[in-house]
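Presented below is the structure to which this report refers.
Just so it is clear, none of the values below were taken in a lab; they were calculated from the coordinates. Quick caveat, the model's predicted, so the values are computed rather than measured. In this analysis, Cβ positions are derived from the backbone assuming ideal geometry, glycine residues included, and neighbour counts consider all displayed protein chains.
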Amino acid sequence: MKRKLTLLIGLIMAMTATATAGVLLSPVAPDTSQWIVFHNNFRLDERPVSNTLRIATDSKYWLWVNGRLEVAEGALKRGPNRTDTYADVVKLKHLRKGDNSVDVLVWYWGKQGFSHRSTATAGLYFDLVVNGRAVSSTGPWRTALHPAFFLPNGEIPNYRLSESNIGFDARKDIDFTRDDFDFARWPVAREISLEQADWNRLVDRPIPQWKDYGMKKYESVSSNGGEYVCRLPYNAQVAPYLKVKANAGDTIHIRTDHYAGGGELNVRAVYVTREGVQEYENPGWMNGHKVIYSVPASVEVLELKYRETGYNCELSGEFKCDDERLNTLWKKSQRTLYVTMRDNYMDCPDRERAQWIGDVTNELVETFYALSPSATALTRKCLLELAAWQRADSVMYSPVPEGNWKKELPMQTLAMVGLGTWNYYLGSGDKETLRAVNSAYKRYMHKWRITADGLVEYRKGAWDWGDWGENQDMQAMCQMWYAITLEYYAKQCDLLGETGEAEWAREVNRGLKAAIHKTLWNGYAYKHPQFTGKPDDRVQALAVLAGVAREEEYPLLLNVLATTEFASPYMERYVLEAMCEMGYTEDALRRMTTRYEPMINGESSTLWEVFDMSGNPSRWSLNHAWSGGPLIMLSRYIAGITPRVPGFKEIEIAPRPCGLREIKAVLPTEQGELKMELKGDCCRMELRLTTPVPAHITAPAGYEISKGAAHVRAGRHKVIFEKKK
């Protein structure tokens, strides 16, 4: 093994990267969906007290040391930008003094997708340091294609996915991790530079390895004519497992009920049996509510199980109240969020697995309330990627990483550059990531132009999209989004000491908001003069959040929001938020429970891409995290938990019960869990609070604090609210 200690600092990613090192190549020309084994031996003359392995592949790997599995499905989709590659940094657990063996199984995808840029290099980078010294192998790296894996014939995943279907022929299996396995006849791996491989700089993996929940039994298994339908407890990312007794050459097909989720074909697996009793765990993950095995009559099924994996965090946030509909909706939002996280945030885990930036603006806020703090790293990764993939013409687009997509959706990008990034800062306190992306944001903000009438020039981008659904007043939405983004971009610049840029943003916004009000306000709603449809509920909501709408206009805007329901679940988050910001929280609660009622009552453990699935239900996905606006509303407004100091280092508690008699919430923070419980009625309410940080408490509307304090330190507290006389 060779190792150079040249270090560079990634300008955008701000992470350590190795400049040059050797990449070990596959013995054959790269092709779609290859499975390649790399093997080597090395000797340690002393007990391994400490070690660090930097390892990289295109696209995924499984690592064994001394025959014991160290990493399952390592590596991240490429990449931190359009040229470089992520590298895992691993602490090995199974090293020993004396002779050691290492085996790596690489899955080279060999095709582009909406969340991965493929290279023409099927290979391995392996750089091991033990006790502060680089480790040299005792012989050359040996490599060969794994003979059992194959690419199944027939239906293939849609073009958005880089992953292929997986075929495995157990008759050709090899146990390459066995001590006495003979590698002598395998070819010696050729070595090239990172640049020759088109992997370029290696950027350390910014998120943890996957959480492994272990092998589990299905909730239930039913069979009918050789088809075994196995129910999962909820929509999850799973690796199906089987144990069977079979003749050689029988074929078992494995898929989930989400195989065509979102209207497109996703991933499946094919297993060809050997003679006798055998076990197989599919290495690629699928998602769904059910796993379906199609088994020939000649095969005896002994056991069917699954392994759940996912982003390494805990689902430790909570919300409960005395309305079970709201409890169900919050839990479904949380489950939807979790199943749409892995290498990156996803719009959905079946059809695309792609990091649409508008979806992430919703997901990142949900993360703070629903998941443990380790989930925040996925948002940081997303922001850095958004900036690092910026095009030469200053356009920022999504989804990235990508290998076959270049289209800008301007309003999605604006949503993240302004409000989304500021919400990330409020929840995390991470100022340095804002600093890392600021120059890219600046170039993008100045790409927009103000026209002679004071409005911002409408930019369609490469995909003129504002939301799913009808009656979209696109030009009005664009004006509102740019105003919102200017406001929060100015706050970011103030935070970073960019005072001149902050003043530019505020000056432009003052003129823009005046022009919007003059041109779009018609006396009862905001509407672009060229738009012929009804007043758009999305536009009214954005007008409130942009600070364009005036307080005296709120009742008129409420009338629009109470009588129109054009927003999809993506933009419904902003409608609900605007209603709460205007003080109409009870109206927002009614609208939310009405619109989400089919999802609340539906069998799916996750939330849908659209509200109305009746027209063409097969087109839409059943697990879209952009639909999680209710989670934000219930935690932020009903429970009333917000950061008073960024990073939740000090917390605001301002509940809005809206007739609920009991509200419980748990907020995970870096400092520990905040737990609150509010009980009472229209006359008296009691708040019990356990907080890891100082908290400021505001009584619900119409109440006042009669016992306890408005400002409390970390610890346990009881506060009594009495109805105002």
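What is the fewest-to-most order of Glu722, Glu603, Glu402 by other Cβ atoms lying within 10 Å of their Cβ?
Glu603, Glu722, Glu402
Check Thr256: other-chain or 5+ apart residues with amide H under 5 Å from its amide H, H built from backbone geometry?
Residues meeting the criterion, in which the H sits 1.01 Å from N, are Ile292.
Using the Cα centre of the range 653-723 as the reference point, and only Cβ charges (+1 on K/R, -1 on D/E), how large is the resulting charge dipole? Debye, rounded to the nearest 20.
Charge dipole of the range 653-723: 160 debye, to the nearest 20.
Which of Tyr159, Phe183, Ala120 sits farthest toward the positive end of the charge dipole of the range 117-229, with +1 on the Cβ of Lys and Arg and -1 on the Cβ of Asp and Glu?
My answer, from the dipole projection, is Ala120.
Under 23 Å between alpha carbons, and skipping anything fewer than 8 positions from Lys679 in its own chain: which lysines qualify?
By straight Cα distance, Lys679 reaches Lys320, Lys331, Lys664, Lys707, Lys718, Lys723, Lys724, Lys725.
Going by amide H atoms built from the backbone, whose H comes under 5 Å of the H on Leu92, apart from near neighbours?
It is Leu53, by chain and number.
Would you kindly derive the ³J(HN,Hα) couplings of the range 191-207 from the backbone phi angles with the Karplus curve 6.51 cos²θ - 1.76 cosθ + 1.60 (θ = phi - 60°), listing them in order in whole Hz, with x for Gly and Pro?
Each residue of the range 191-207 in turn: 10, 10, 7, 4, 5, 4, 6, 6, 8, 6, 5, 9, 10, 4, 3, x, 10 Hz.
In debye, nearest 20, what is the charge dipole magnitude of the chain about its Cα centre with +1 on Lys and Arg Cβ and -1 on Asp and Glu Cβ, if you could check?
About 1320 debye.
Between Glu503 and Met215, what is the label-point separation in nm under the 7 Å Cα-to-beta-carbon projection?
Using points 7 Å along Cα→Cβ, the separation is 6.8 nm.
Could you size up the charge dipole of the range 318-638 around its Cα centre, putting +1 on the beta carbon of Lys and Arg and -1 on that of Asp and Glu, and report it in debye to the nearest 20?
Here the range 318-638 has a charge dipole of around 660 debye.
Would you mind checking the range 363-400 for residues with the amide N under 19 Å from a putative spin-label position 7 Å along Cα→C-beta of Lys406?
386-400
Taking R0 as 41 Å, what's the FRET efficiency between Tyr159 and Lys97 from their Cβ-Cβ distance, rounded to 0.05?
Between Tyr159 and Lys97 the formula returns 0.25.
Quick one: what are the phi-derived ³J(HN,Hα) couplings along the range 428-444, Karplus 6.51/-1.76/1.60 with θ = phi - 60°, whole Hz, x for glycine and proline?
10, x, 7, 6, 5, 5, 4, 5, 5, 9, 4, 5, 5, 4, 4, 4, 5
Would you work out which of His696, Thr519, Trp62 lies farthest towards the positive end of the dipole of the chain, given +1 charges on the beta-carbon of Lys and Arg and -1 on that of Asp and Glu, about the Cα centre?
His696
If I fit a long axis through the Cα atoms of helix 554-563 and take the longest principal axis of the Cα atoms of the chain, what angle between them do I get, 0 to 90°, rounded to 10?
50 degrees
Please arrange Asp430, Asp536 by how many other C-beta atoms lie within 10 Å of their C-beta, fewest to most.
Arranged by neighbour count, lowest to highest, Asp430, Asp536 become Asp430, Asp536.
Rounded if a/c is under 1.5, else prolate if a/b is larger than b/c, else oblate: which is the range 112-170, with a ≥ b ≥ c the root eigenvalues of its Cα gyration tensor?
Oblate is the answer for the range 112-170, as a/c is 1.5 or above yet b/c matches or exceeds a/b.
For a quick check: sort Asp681, Asp464 by the number of other beta carbons within 10 angstrom, fewest at the front.
Fewest-to-most Cβ neighbours within 10 Å comes out as Asp681, Asp464.
For volume of the Cα convex hull per residue in Å³, which listed value, [x] 168; [y] 139; [z] 178, comes from the coordinates shown?
Step by step, volume of the Cα convex hull per residue in Å³ for this structure corresponds to label [x].
Mind checking the full-extension length gain between Val129 and Glu673? Use 0.36 nm per residue of separation minus the Cα-Cα distance, one decimal, nm.
192.1 nm
Report ³J(HN,Hα) in whole Hz for each residue of the range 683-696, in order, from the Karplus equation J = 6.51 cos²θ - 1.76 cosθ + 1.60 where θ = phi - 60°; Gly and Pro get x.
Residue by residue, the range 683-696 yields 9, 8, 9, 10, 10, 9, 10, 10, 10, x, 9, x, 9, 10 Hz.
Restricting to DSSP H runs of at least four residues, report the calculated mean residue ellipticity at 222 nm for the chain, -39500 (n - 2.57) per run over all residues, nearest 500 deg cm²/dmol.
So the helix-based figure for the chain works out to -7500 deg cm²/dmol.
Sticking with the crude label model, points 7 Å out along Cα→Cβ, report the distance from Asn247 to Ser706 in nm, one decimal please.
8.2 nm
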